[in-house]
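Contents: one structure, followed by commentary.
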Amino acid sequence: MGQKIHPLGFRLGTTQSHDSIWFAQPRNYSENLKEDKIIRDCIKNYIQKIQKTIRIPSGGDGIGRIKIKKRIDRIQVIIYMGFPNLLIEGKPRIIEELKTNVQKKINCVNRKINITITRIPDAYADPNILAEFIAVQLKNRISFRKAIKQAIELAEQAGTKGVQVQIAGRIDGKEIARVETFKEGRVPLQTIRAKIDYCSYTVRTIYGVLGIKVWIFLNND
């Protein structure tokens with residue numbers, strides 16, 4: 001039997017670092033973990049809401065990852081985005097609104113929240129943004145092969161060394177669920193020093209839920 005391991009957890013301490021950095025006593029650990037999830041969900045929902053009001057045609061929120069650093073008196077949140085232009089235009093107002101929303105959700109009175117937005121230089125070299133791109137195409141009823149082919153081309157243009165995309169579920173509305181895998185270039189999953197980024201993404205279509213997994217090989221460290 002193949003023993004599968006998460007590509008990011010496998011590389012922690014070598015090419016990969018944690019997305020949340022804080023220290024907690026064992027009895028408070030679950031509360032802190034729950035707080036992180038609430039912060040991430042709140043930011044994603046708020047950005048999606050803004051983009052619906054502005055009516056961005058491409059769809060997708062363009063968030064690569066959200067890093068959280070906690071101290072006793074401060075929570076620092078760094079949002080890595082592929083296409084932050086629309087948020088940066090009205091930056092002070094939007095970030096203030098976002099701060100108040102997060103503060104209400106997590107109910108933090110004694111801690112300040114700092115939120116910064118960082119641009120990802122090659123947006124389509126990020127697996128989350130690539131998976132989101134595929135999801136938007138599938139929701140618009142574009143053929144899954146065409147959507148994945150486009151996504152792989154975008155990733156190659158962004159300067160990646162290899163891409164692997166796996167899609168599972170009732171693809172194209174077929175009665176029997178199946179798994180399809182597409183690969184371009186090298187994706188050395190067993191090499192620890194290989195900088196590989198990964199994400200799994202769920203997309204809800206009219207004929208059921210599909211799962212998308214994306215592996216991107218960036219470079220050797």
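The values are calculated or read from the model by the stated rules, or taken from the named source; none is laboratory data. The structure displayed is predicted, hence computed values, not measured ones. As a convention, Cβ positions derive from the backbone with ideal geometry for all residues, glycine included, and neighbour counts pool all protein chains shown. These area figures cover heavy atoms from the full protein model, side chains too; ligands, DNA and RNA do not enter into them. Shrake-Rupley method; radii C 1.70, N 1.55, O 1.52, S 1.80 Å.
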Solvent-accessible area of residue 73 with every protein chain in place, 1.4 Å probe, in Å² to the nearest 10: 90
Inter-label distance for residue 189 and residue 220, nm, one decimal - labels placed 7 Å from Cα along Cα-to-Cβ: 2.1
Accessible solvent surface per residue of the chain, calculated while the other protein chains remain in place, 1.4 angstrom probe, Å²: 60
Accessible area (Å², 1.4 Å probe, nearest 10) - residue 44: 90
Calculated from backbone phi, Karplus (6.51, -1.76, 1.60) coupling profile of region 173-179 in Hz, x at Gly/Pro: x, 5, 5, 9, 6, 8, 10
Linear extension gain, residue 18 paired with residue 118, 0.36 nm per residue minus alpha-carbon span: 34.3 nm
Summed side-chain charge close to residue 167 - residues other than residue 167 whose Cβ falls under 11 Å, Lys, Arg +1, Asp, Glu -1: +2
Peptide ranges 99-106, 158-165, 22-29 listed from the most packed, as the mean C-beta count within 10 angstrom indicates: 158-165, 99-106, 22-29
Read-out P(r) over Cα pairs in 5 Å bins from 0, in percent, derived from the coordinates shown; its label in (i) 1, 6, 13, 17, 17, 16, 14, 10, 5, 2, 0; (ii) 1, 6, 11, 13, 14, 14, 12, 10, 8, 5, 3, 2, 1, 0, 0; (iii) 1, 5, 8, 9, 8, 7, 6, 5, 4, 3, 3, 2, 3, 2, 2, 2, 2, 2, 2, 2, 2, 2, 2, 2, 2, 2, 2, 2, 1, 1, 1, 1, 0, 0: (i)
Accessible surface, 1.4 Å probe, highest first, among residues 109, 209, 203: 109, 209, 203
